[in-house]
Every structure is written in C-alpha cells, then in structure tokens.
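What follows is one structure encoded as structure tokens, with my remarks underneath.
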Amino acid sequence: MDYQHLSTLLWREQELLDLLLFKAEEKQYLILTGKTRWLARIAHEIEVVLDQLRTLEVERAAATEALAVRLGVGANPSLRQLAEAAPSPWNDLLAKHHEALLVLVTDLRSLSDANRELIEGGLAAIGDALLSVRSPSAGTYGATGRNTDDGSHRAVTLDGAL
C-alpha cells in the first residue's frame, strides 16, 4: 500500500460522494415536483452508491492503516493526521482530499436534512388533507340497537333489516 493507491481511493470516494449528492438533488427535485412515482427508483440508486461507498471505505481504511504504520502515526489515524505526517508532495495532496471530502459531506448532510424536512412536511400535509375530507361516520349500533356515535340515542329497529 502506498500514497498513490490511497490517493486513487480518495479520488474514487470523492466521485461517489459527488454522485450521491447528485442523486440527493434528483430526489429533492422529485419531491418538489410531486413525481413520487420515481422515489423508489432513486432510493434504490442511492442505496447502490452507499454500498459502493461502504466497500470503498473498507479498502481506504486498510490503505490508511498501512501508511500509518509506516509513518508511525498510530492506529486508525484521521486523514488529516495522515496528511500532517506524510512527506511532500503527499501531505498537500492528502490535505486537499480531506478538504474536498469535508465539503461534499457537509453538502450531503444539508441536502439530506432538507429532503427529510420536505418529506415530513408532505406527510403532514397529506395527513391534514385526509382529516379534512374524512367522510362522516354512519355510526355503530350498540347492543340495545341504538346509534352510539351521534349522541342522539334514537332507537333503531333492526326488524326487516335482516
């Protein structure tokens, strides 16, 4: 494992995070335009990218650990710690990877939060709409044959209804 390999993994991680950001923006567009038909598809596409990121993260962790041992940094260092200990020009490149990843993750969190709020707002609006158009209940009848829901307690005979 070397610096070039780690850098390649970090570039790939940035590409995947950028794709995830794009998918999140697509999801927001679908939510805002009411095209809910495609939400299941975009959710699947997001999950595929997340799976790729999880796989890549394992490989990146192994590459980072190998370099950390060579540099004497200690177990499980952050990318920033690794960049600080790396020789030139790798220290600068790793620091730039770190900055780029932070920007992407921050953008993703913001967009994810916005999408969550849109979905929750939409669900609340649907619930309110359903409550406002709820049809009046016909009521139910108790053991005495009286309607128990409307409070009028009018006697209802069931003769001939059966």
Checklist (1) surrounded by 18 or more Cβ atoms within 10 Å (Cβ to Cβ); (2) within 30 Å of residue 91 (Cα to Cα) applied to residue 59, failing item: (1)
Between residues in the stretch 37-51 that are free of Cβ contacts under 8 Å to residues at least 60 places away in the same chain and residues that are surrounded by 14 or more Cβ atoms within 10 Å (Cβ to Cβ) and of a type in the set (Lys, Arg), which pairs lie under 8 Å by C-beta distance while being six or more apart or on different chains? 39/27; 42/23; 42/27; 43/27; 45/23; 46/23; 46/27; 49/23
Count of residues meeting criterion [surrounded by 14 or more Cβ atoms within 10 Å (Cβ to Cβ) and assigned to a helix (DSSP H, G or I)] in the stretch 67-79: 4
Check whether at least one residue in the stretch 32-45 is exposed (fewer than 15 other Cβ atoms within 10 Å of the Cβ), under 15 Å from residue 13 (Cβ atoms) and modelled with pLDDT under 95, and report yes or no. no
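Please specify each residue of the stretch 58-100 satisfying the condition of being of a type in the set (D, E, K, R) and either at pLDDT below 95 or farther than 19 Å from residue 16 by Cα (or both). Walk me through how you get there before you give the answer.
Filtering the stretch 58-100 for residues of a type in the set (D, E, K, R) gives 59-60, 65, 70, 80, 84, 92, 96, 99.
Hits for the stretch 58-100 are 65, 70, 80, 84, 92.
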Given (1) over 30 Å from residue 26 (Cβ atoms); (2) at pLDDT below 90; (3) surrounded by 12 or more Cβ atoms within 10 Å (Cβ to Cβ); (4) under 30 Å from the mean Cα position of the chain (by Cα), identify the lone condition not met by residue 150. (4)
Only one residue in 32, 67, 19 is touching a residue at least 24 places away in the same chain (Cβ under 8 Å) and more than 19 Å from residue 114 (Cα to Cα), so which one is that? 67
Can you tell me which of 100, 86 is touching a residue at least 40 places away in the same chain (Cβ under 8 Å) and more than 13 Å from residue 13 (Cα to Cα)? 86
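Would you check which residues across the stretch 80-97 are in contact with a Lys or Arg (Cβ under 9 Å, 6 or more places away or on another chain) and buried (at least 17 other Cβ atoms within 10 Å of the Cβ) and list them?
Our first condition is that a residue be in contact with a Lys or Arg (Cβ under 9 Å, 6 or more places away or on another chain); within the stretch 80-97, this holds for 83, 94-95.
Residues satisfying the conditions are 83, 94.
The values are calculated or read from the model by the stated rules, or taken from the named source; none is laboratory data. Given the structure is predicted, the values throughout are model-derived calculations rather than measurements. When we count neighbours, we look across all protein chains shown, and the Cβ atoms used for this are built from the backbone with ideal geometry, even at glycine.
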